[in-house]
Amino acid sequence: MKYIVPLLFLFLCLELKAQVFPPDFQCVRNDTLFWETPVNTCGAFISYDIYFSENINGPYTLLASITDQSTDNFFHSNPVGTTFYYYFETNANCPGEPVIRSDTLNNESPLASPINVVSVNGNNVEIEWTASSSPEVTNYIIYRTSPVGALPIDTVSALVTNYTDIGADPLNQSESYFVLAMDACGNTSVFDLPHFTIFLDNVVDICEKSIRLDWNRYRNWVNGIAQQELWLSVNDEPFSLLETLSASDSVYLFSNTNDGDKYCFYIRNIEQNTGIVALSNIECIDLDIVEPVRTLYLKNVSVNLANQVELTWVWNTDAEVATVEFEERTESGTFNTADAYTPFGSLDAETERTLDPLVDPSQERKYFRIKTTDDCDSIRLSNEVSSIHLSGSAQENQRNIINWTAFNRPDGQIINYDIYRIVDGLISFVETVNGNTTTYNDPVDISIPAEFNVCYHVVANAVITDPNGIEISITSQSNTFCVEQLSDILAPNAFVPEGINKEFKPRIVFGETVDYQMQIYDRWGKKIFETDNQEEGWTGRDGFFYYPSAVYVYIIKITQTNGRIVEKRGNVALIR
């Protein structure tokens with residue numbers, strides 16, 4: 001009995017060797033067929049034979065015989081884009097042994113892999129799809145839609161037809177997805193219709209003790225929605241079916257509420273004919289009486305190194321706030337909302353928020369305030385606080401002048417300013433100046449290339465008095481402002497093509513150049529040379545023609561990254 005397994009294994013190996021295996025046909029890309037070479041030990045290799053047809057059912061004609069056993073690709077010219085079907089056979093000196101045919105593939109992209117359902121499960125999204133019928137498919141690419149378009153988030157094997165997206169945000173938005181089939185050549189199927197998760201949101205009227213539920217119905221099922229169901233859990237009890245809704249419903253008003261109860265809901269959509277189910281996020285609400293915002297004090301406005309605004313404020317922690325809006329204005333403008341959010345859970349007495357403002361704070365001074373709306377639509381506005389705006393410019397004497405707006409608020413007093421500079425990403429402290437100073441003169445070391453672009457920010461050290469009369473020390477940072485140095489052009493006044501200085505090649509000193517142009521003219525005003533390549537010099541010749549010894553005129557013009565244009569004109573002597 002102990003010999004049965006080895007003998008069976010030997011029999012199977014002999015059976016496998018008694019076949020002539022074809023190349024493993026991978027895919028077709030840009031009219032080129034790609035395959036992996038097989039291993040055949042039954043006899044001598046003769047060729048790989050490629051057959052093709054315009055019809056999958058044939059008849060097939062021999063297209064080519066590849067006699068180099070190591071070859072793994074073949075180009076078939078197809079200028080008019082005809083759809084061809086191909087398969088391979090290996091021609092080997094193996095008399096009487098069966099010749100196996102490869103998969104039959106065409107030169108079209110893989111067929112689509114339609115999504116069956118996307119459904120929310122906790123914080124994640126689960127995606128299921130139907131496998132593509134194209135045999136060359138090796139992988140599936142999962143795309144999630146973002147504000148900048150559909151972006152690939154992962155790739156899975158062709159053996160897999162489901163995926164869990166742990167990077168999605170289904171609790172705050174409806175997520176949409178595509179699944180594309182891909183072959184070994186990187187060809188992909190077309191983008192089919194996206195499928196969208198159901199996002200359930202709510203509006204609570206705590207004054208009326210009602211809950212309005214809003215959601216987007218499931219989109220792009222082939223058969224449409226058969227029905228929708230609304231499920232409810234009260235105070236963490238098991239969910240139960242609250243109501244069966246029509247396929248067109250997207251709003252529901254729940255009025256049978258009790259103060260202090262916790263209500264959780266989710267939506268269940270069912271596809272017509274298939275019975276496939278898609279779930280929304282679970283939306284939970286803790287009902288409570290409305291506590292208004294009694295204290296709202298904007299404590300500080302500071303700008304971080306990314307020129308984002310950091311706001312710090314205090315309020316009463318028992319306030320029930322529906323929305324917090326961050327409003328900004330320019331020196332002479334009106335307030336506009338730059339961002340908003342809804343607080344969850346208990347409030348902290350002191351709260352911070354990083355804000356991407358509507359207008360870059362490095363452009364001008366900005367004023368900010370906070371606007372809250374409670375659950376009964378009562379609005380409260382905070383005090384106004386401005387940011388410190390820093391600007392500057394490069395001077396001819398290798399110095400930077402920086403200026404900033406003074407720290408100025410009715411409840412505060414400036415103590416001093418700390419000045420910082422940034423070179424090559426390294427921040428260093430420069431100096432502390434008194435509170436009456438709003439300008440600084442900083443020398444630049446032209447021997448250090450990195451100092452062509454020096455960035456600065458200042459930090460105000462101040463004391464404010466809050467609404468309770470308590471003095472508080474704060475630090476408020478300005479925007480970060482970078483000063484690009486003024487470029488200079490150094491040009492030799494002579495060159496000797498046959499000597500050491502073989503070409504006329506100016507040098508750009510300090511500053512960064514985005515555009516360069518050099519022109520050479522003879523004494524009669526004829527342009528004889530031009531280049532926009534800063535690394536290319538004038539050699540004093542044009543092909544095999546050598547310009548004679550003479551004085552020539554040059555014009556050099558550069559444009560810096562800040563838009564400044566530097567132009568230099570002069571004479572250069574060509575000496576032979």
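The values are calculated or read from the model by the stated rules, or taken from the named source; none is laboratory data. Please read all numbers here as calculations on a predicted model, not as lab measurements. Cβ atoms come from the backbone with ideal geometry, glycine included; neighbour counts cover every protein chain shown.
Brief remarks follow.
- Of all the listed residues (294, 369, 365), the sole one being at pLDDT below 95 and either within 30 Å of residue 212 (Cβ to Cβ) or aromatic (Phe, Trp, Tyr) (or both) is 294.
- Listing of strands (runs of 3 or more DSSP E) fully contained in the range 484-544 that carry 1 or more residues being more than 23 Å from residue 454 (Cβ to Cβ): 513-521, 527-531
- Candidates in the range 248-271 are the residues that are exposed (fewer than 15 other Cβ atoms within 10 Å of the Cβ) and among the aliphatic types (A, V, I, L, M); of these, the one that is nearest to residue 205 (Cα to Cα) is 253.
- The set of residues in the range 105-125 that are closer than 15 Å to residue 165 by Cβ, touching a strand residue (DSSP E or B) at 6+ places or on another chain (Cβ under 6 Å) and surrounded by fewer than 19 Cβ atoms within 10 Å (Cβ to Cβ) contains only 124.
- The single condition among (1) in contact with a Gly (Cβ under 8 Å, 6 or more places away or on another chain); (2) closer than 24 Å to residue 172 by Cα that residue 279 does not meet is (1).
- The residues on offer are 353, 369, and the sole one that is surrounded by fewer than 16 Cβ atoms within 10 Å (Cβ to Cβ), in contact with a strand residue (DSSP E or B) (Cβ under 8 Å, 6 or more places away or on another chain) and in contact (Cβ under 8 Å) with a residue 40 or more places away in the chain is 353.
- Tally of residues being of a type in the set (A, V, I, L, M) and in contact with a Leu (Cβ under 8 Å, 6 or more places away or on another chain) across the range 374-421: 4
- Residues of the range 299-314 satisfying the condition of being hydrophobic (A, V, I, L, M, F, W, C) and either within 23 Å of residue 421 (Cβ to Cβ) or in a loop (DSSP other than H, G, I, E, B) (or both): 301, 303, 305, 306, 309
- Qualifying residue in the range 378-398 (condition: among the basic types (Lys, Arg) and under 30 Å from residue 452 (Cα atoms)): no
- The strands (runs of 3 or more DSSP E) found wholly in the range 83-183 and carrying at least 2 residues that are closer than 24 Å to residue 280 by Cα occupy 115-121, 124-129, 137-146, 149-157, 162-165, 176-183.
- Pair list, Cβ < 7 Å and 6+ apart or interchain, from the range 219-239 residues that are farther than 14 Å from residue 262 by Cβ and touching a residue at least 12 places away in the same chain (Cβ under 8 Å) to residues that are acidic (Asp, Glu) and part of a loop (DSSP other than H, G, I, E, B): 228/249
- For the range 545-562, filtering for residues that are part of a loop (DSSP other than H, G, I, E, B) and touching a residue at least 60 places away in the same chain (Cβ under 8 Å) leaves 2.
- Residues of the range 137-151 that are of a type in the set (Gly, Ala, Ser) and on the phi < 0 side of the Ramachandran plot: 146, 150.
- Single residue of 575, 556 found to be over 36 Å from the mean Cα position of the chain (by Cα) and under 16 Å from residue 509 (Cα atoms): 556
- Subset tally (residues that are hydroxyl-bearing (Ser, Thr, Tyr) and either surrounded by fewer than 14 Cβ atoms within 10 Å (Cβ to Cβ) or in contact with an Asp or Glu (Cβ under 7 Å, 6 or more places away or on another chain) (or both)) for the range 415-432: 2
- Residues that are out of contact with any Lys or Arg (no Cβ under 8 Å at 6 or more places or on another chain) and of a type outside the set (Val, Ile, Thr) number at least 1 in the following strands (runs of 3 or more DSSP E) confined to the range 228-292: 240-245, 262-271, 283-286.
- Residue match in the range 485-492 (condition: in contact with a Pro (Cβ under 6 Å, 6 or more places away or on another chain) and surrounded by 13 or more Cβ atoms within 10 Å (Cβ to Cβ)): yes
- Filtering 502, 526 for residues that are touching a strand residue (DSSP E or B) at 6+ places or on another chain (Cβ under 8 Å), exposed (fewer than 14 other Cβ atoms within 10 Å of the Cβ) and not aromatic (Phe, Trp, Tyr) leaves a single hit, 502.
- Restricting attention to the range 34-56, the residues that are without any contact (Cβ under 8 Å) to a residue 60 or more places away in the chain and either within 29 Å of residue 81 (Cα to Cα) or outside any loop (DSSP other than H, G, I, E, B) (or both) total 14.
- Residue count, the range 339-350 (criterion: assigned to a loop (DSSP other than H, G, I, E, B) and either surrounded by 17 or more Cβ atoms within 10 Å (Cβ to Cβ) or among the polar types (S, T, N, Q) (or both)): 3
- Within the range 271-289, considering residues that are over 18 Å from residue 176 (Cα atoms) and within 34 Å of the chain's Cα centre (by Cα), the one modelled with the lowest pLDDT: 285
- Here the condition is being in contact (Cβ under 8 Å) with a residue 60 or more places away in the chain, more than 35 Å from the chain's Cα centre (by Cα) and surrounded by 13 or more Cβ atoms within 10 Å (Cβ to Cβ); of 412, 435, it holds for 412 alone.
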